[in-house]
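Before we start, here is the structure in question, set down as structure tokens.
Where a number appears in this text, it was derived from the coordinates with a stated rule and is not lab data. Bear in mind the structure is a predicted one, so any value in this text is a computation, not a measurement. Counting neighbours? That spans all protein chains shown, and the Cβs are built from the backbone with ideal geometry, glycine included.
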Amino acid sequence: MDIHLVDGYSELSDIAAGIVTELVNSKNNAVLGLATGSTPVGMYRKLVETYQQGSVDFSQVITFNLDEYYGLSREHPGSYYYYMYRHFFDHVNISPENINIPEFRDGDITAACRQYDGKIETVGGIDLQVLGIGVNGHIGFNEPDRFLKVHTHLVTLAKKTIEVNSRFFASPEEMPGQAVTMGLGPIMHARKILLLASGSSKAKAVFDMVNGKISTKMPASLLQLHRDVTILADREAASMLEEGSFHISQG
Ligand code: GLP
């Protein structure tokens, strides 16, 4: 794991956007795995700016979002569909047919999940997977569990996740208790992983991810097994890491 300590949220966002831009500029049909949550908002803002300056072209890029709440409409401001268009897709030249979000509602969810994984495989897997981290160590919505969930699946959200994420809804009751998430298979098969962590609420999860026992009870700890993980963390998120275990970003 390559851990970079950044100077603050703005630097974290700029560096993250720089990594995505560099990849897309070297491979115009790159496959991006995309995350939501408050942490990557600044990265998307910077990517939009970079696009507006003419320094990146998303026309051939293919995206797969990590997760989506189960049972929310696209128009609901809490949905990740809404989030992705608002923060990114509406402002860049990405082709709508290249956008994939696991927003399955009716019908056979298991079949839809299988198709999602199949599509990721068909395009050759994910080149760069962007991740945030939950305070309980979840990645996507892969919650702490006794078993490894390899494939995209419907998940019952952990109490902690509902507690933390209900801030994105008008009331906690409005927040769905289930979500569809990419499993750990496609995430771990991504050629490169970029994980963003900001704020003191993430310090324990970041410590356990980097130094803890590898366990499905701490999903992010599985990333220790991946050969190309870059972690961008601000001082608060990295506060429990030992000095010397990370690089200090040069800006
Ligand atoms: C949600 C998402 C995750 C994200 C996490 C952290 O639960 N499903 O993909 O990493 O929140 O969110 P935030 O960046 O808002 O702390």
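How large is ³J(HN,Hα), in whole Hz, for each residue of the stretch 123-128 in order, when computed from phi with the Karplus curve 6.51 cos²θ - 1.76 cosθ + 1.60 and θ = phi - 60°, using x for Gly and Pro?
Ordered by residue, 3J(HN,Hα) equals 8, x, x, 8, 6, 9 Hz.
State the answer as a single residue: which of ILE248, GLY183, MET209 lies farthest towards the positive end of the charge dipole of the stretch 133-251, with beta carbon charges of +1 for Lys and Arg and -1 for Asp and Glu, about the Cα centre.
Projecting each Cα onto the dipole axis, the largest value belongs to GLY183.
Could you size up the charge dipole of the stretch 144-251 around its Cα centre, putting +1 on the beta carbon of Lys and Arg and -1 on that of Asp and Glu, and report it in debye to the nearest 20? Working shown, then result.
Values: 13 positive and 10 negative charges, 68 e Å.
I would put it at about 320 debye.
Which residues' amide hydrogens lie under 5 Å from the amide hydrogen of ASN65, considering only partners 5 or more residues apart or on another chain, with H built in the peptide plane?
LEU34, ASN100, ILE101
Short version: ³J(HN,Hα) in whole Hz for each residue of the stretch 208-213, in order, from phi by Karplus 6.51 cos²θ - 1.76 cosθ + 1.60 (θ = phi - 60°), x for Gly and Pro, what are they?
These are the phi-based 3J(HN,Hα) values: 5, 4, 8, 10, x, 5 Hz.
Taking the convex hull of the alpha carbon atoms in the stretch 175-222, what volume per residue do you get, in Å³? Intermediate values should be presented prior to the final figure.
Numbers: hull volume 5.6 nm³, N = 48.
Per-residue hull volume (Cα only) is 117 Å³.
I would also like to ask the following. Name the long-range amide H neighbours of ALA237: under 5 Å, sequence gap of 5 or more, or other chain; modelled H, no Pro or chain starts.
Here the answer is GLY199, since their amide H atoms fall under 5 Å of that of ALA237.
Could you compute the FRET efficiency for GLU243 and SER215, with r as their C-beta to C-beta distance and R0 at 22 Å, rounded to 0.05? Don't skip to the end; give the middle numbers.
Details: r = 26 Å, r/R0 = 1.17.
After rounding, the FRET efficiency stands at 0.30.
Can I ask one more? Work out the length of the dipole vector of the chain about its Cα centre, built from +1 on the beta-carbon of each Lys and Arg and -1 on the beta-carbon of each Asp and Glu, and round it to the nearest 20 debye. Could the numbers behind the result be given before it?
Numbers: 21 positive and 29 negative charges, 97 e Å.
The dipole magnitude comes to about 460 debye.
In addition: How large is the translational diffusion coefficient of the stretch 1-81 in µm² per second when you combine the Kirkwood radius over alpha carbon pairs with Stokes-Einstein at 10 °C and 1.306 mPa s? Intermediate values should be presented prior to the final figure.
On the way: Rh = 14.1 Å.
Translational diffusion coefficient: 113 µm²/s.
May I ask you to compute the full-extension gain from SER166 to ARG146, defined as 0.36 nm times their residue separation minus their alpha-carbon distance, rounded to one decimal in nm? Show your work: numbers first, answer last.
Values: separation 20, 0.36 × 20 = 7.20 nm, distance 2.48 nm.
So the extension gain works out to 4.7 nm.
While we're here: Could you tell me how far the Cα centroid of the stretch 208-233 sits from the Cα centroid of the stretch 159-180, in Å?
25
Rounded to the nearest 0.05, what FRET efficiency do ASP7 and LEU225 have when you use their Cβ-Cβ distance and R0 = 35 Å?
Values: r = 29 Å, r/R0 = 0.84.
Efficiency computed from Cβ-Cβ geometry: 0.75.
What Rg and what Dmax come out for the stretch 48-201 when only alpha-carbon atoms are used, in angstroms?
Using the Cα atoms of the stretch 48-201, the pair Rg, Dmax is 15.6, 47 Å.
For the stretch 66-203, build the charge dipole from Cβ charges (+1 Lys, Arg; -1 Asp, Glu) around the Cα centre, then report which of ILE126, PHE168, GLY199 sits farthest towards its positive end.
Of the candidates, GLY199 comes out farthest on the positive side.
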